[in-house]
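Chemist: Encoded as structure tokens, here's the structure I'll be asking about.
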Amino acid sequence: MYSEKKHVTIANLNKTLKEKELASISNSSLQRVLPTIGFKYKKDGNRRFLVEQSSIALLRTKFLRSYNDYEDREKIRTFGYPCDLCNRVICEKCNSLQAQEIRVIPSSNRTLVYTCPECKPLFKESLQAFKQIQSLQQEISLHKKEISNLKARVKNTENELQLKANKADMDKDRAAEKR
């Protein structure tokens, strides 16, 4: 209802909840519950309708921003300024170059920046930091692989111990039956 830009009233909300089989409560119970979960009433003319409390709206906005950041993390990371004519990137001093003169070669997961000789010092520090980040990411991935291997070994050990315990119980049962 909110995404359809409809006024949300108690009756409409309760009807929607029952249709979607989410809740089956009376209008008065729903009216008492809604303020505790982040809604408030607003009056527009002769009608009262529900809106989110400002704190809930802020939390939703914060969540959507972090979700968008998460979605954008896989995009190409670049140095410099984006060109309006293409998806490539040029350095600050070479900003006036034509599109065919841009000194950038995009690859599958990152963009390699080629700059003119006078711009090269601008990128040395950034490229060194980028290389350090890549090496740290490789170390982290190796560490995660080691952790997953250790988890697999622990799981195998647990299974072996469980099998041995079951075998010992079966041996005890057989010994008790022989007596």
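Chemist: Identify the residue in segment 24-44 that is assigned to a helix (DSSP H, G or I) and not polar (S, T, N, Q) and, among all such residues, is surrounded by the fewest Cβ atoms within 10 Å (Cβ to Cβ).
Modeler: Ile37
Chemist: Within the set of pairs 6+ apart or on separate chains, which have a first residue in segment 16-27 that is more than 15 Å from Lys6 (Cβ to Cβ), a second that is part of a helix (DSSP H, G or I), and C-beta atoms under 7 Å apart?
Modeler: From residues that are more than 15 Å from Lys6 (Cβ to Cβ), the pairs are Ala23/Leu17; Ser24/Lys18; Asn27/Ile10; Asn27/Ala11; Asn27/Asn14.
Chemist: Determine if segment 85-98 includes at least one residue that is in contact with a helix residue (DSSP H, G or I) (Cβ under 8 Å, 6 or more places away or on another chain) and either small (Gly, Ala, Ser) or at pLDDT 65 or above (or both).
Modeler: No, the conditions are met nowhere in segment 85-98.
The values are calculated or read from the model by the stated rules, or taken from the named source; none is laboratory data. Everything quoted here is computed from the prediction, not taken from an experiment. Counting neighbours? That spans all protein chains shown, and the Cβs are built from the backbone with ideal geometry, glycine included.
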